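The values are calculated or read from the model by the stated rules, or taken from the named source; none is laboratory data. Please read all numbers here as calculations on a predicted model, not as lab measurements. For neighbour counting, all protein chains shown are included, and Cβ atoms are generated from backbone atoms with ideal geometry for every residue, glycine included.
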Amino acid sequence: MGARNFLKGIALVLAGGLGLAHAENAPPWTNALAKEAMTNGFEAKLPPHAAMVLGLAKKGESIAVRQLVSRAGQKVHTFNVVVADKGGIVVFVVNEKEQSTVAYRLTARGRLRSAVSYQTGGEPHELAASEAKPGLAREIRYWSDYAAGGSAPRPPGAQQPVRAPNPAEVPKPADSPKPPMSPTTP
């Protein structure tokens, strides 16, 4: 029994070291945004249905995240770092005009794990990687520019991206069963 526990301990140490090495090899945009979200982002929760479909939680559980928000015209972009798994990233893009949302679950290196889309008030459905990749490529460009301190791409006349929103002004998805315009809920 003692040898088995010793081997488990070594495995955990090695896994932790590999996790750090993995994070160190992450692209600059994911590192910079994850750090900014953990220090300056506001506390939010991913809604239970999206967290479940993305494979982050069991049915009925919401997930605590630290969140950055940026608006470009009728689109709201959120960059979320899962608090319990600092390598876990979820990027949402909400099209307020079309009342649609796409969420991308990423690795710390910015690689796609899963993606879902849904209409406001509707059930999320999982996207195939081939369906998700074009939109994810746009989000990677958007957040890469944001992380570089540049202006994120936006249509003419759109507002500047918001770096540190006032949490009191942003609806929190878990506070009500169906918030009207939250970036992370249908």
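Numbers for the structure displayed
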{"quantity": "Complete set of residues in the stretch 111-126 that are at pLDDT 90 or above and not in a strand (DSSP E or B)", "calculated": "Arg111"}
{"quantity": "Condition broken by Glu169, with the remaining ones in (1) surrounded by 13 or more Cβ atoms within 10 Å (Cβ to Cβ); (2) closer than 17 Å to Gly41 by Cβ; (3) at pLDDT 50 or above satisfied", "calculated": "(1)"}
{"quantity": "Qualifying positions in the stretch 58-84 - more than 22 Å from Glu36 (Cβ to Cβ) and under 14 Å from the mean Cα position of the chain (by Cα)", "calculated": "Ser62"}
{"quantity": "Residue in the stretch 127-143 that is out of contact with any Phe, Trp or Tyr (no Cβ under 6 Å at 6 or more places or on another chain) and modelled with pLDDT under 90 present", "calculated": "no"}
{"quantity": "Hits in the stretch 63-83 (condition: more than 15 Å from Pro47 (Cα to Cα) and either part of a loop (DSSP other than H, G, I, E, B) or without any contact (Cβ under 8 Å) to a residue 24 or more places away in the chain (or both))", "calculated": "Gly73, Gln74, Lys75"}
{"quantity": "Residue list for the stretch 33-43, filter: within 14 Å of Ser70 (Cβ to Cβ) and small (Gly, Ala, Ser)", "calculated": "Ala37, Gly41"}
{"quantity": "Cβ-Cβ under 8 Å pairs, at least 6 apart or on other chains, the stretch 104-132 side closer than 12 Å to Val93 by Cα and touching a residue at least 12 places away in the same chain (Cβ under 8 Å), far side assigned to a strand (DSSP E or B) and of a type in the set (Asp, Glu)", "calculated": "Ala115/Glu126; Val116/Glu126"}
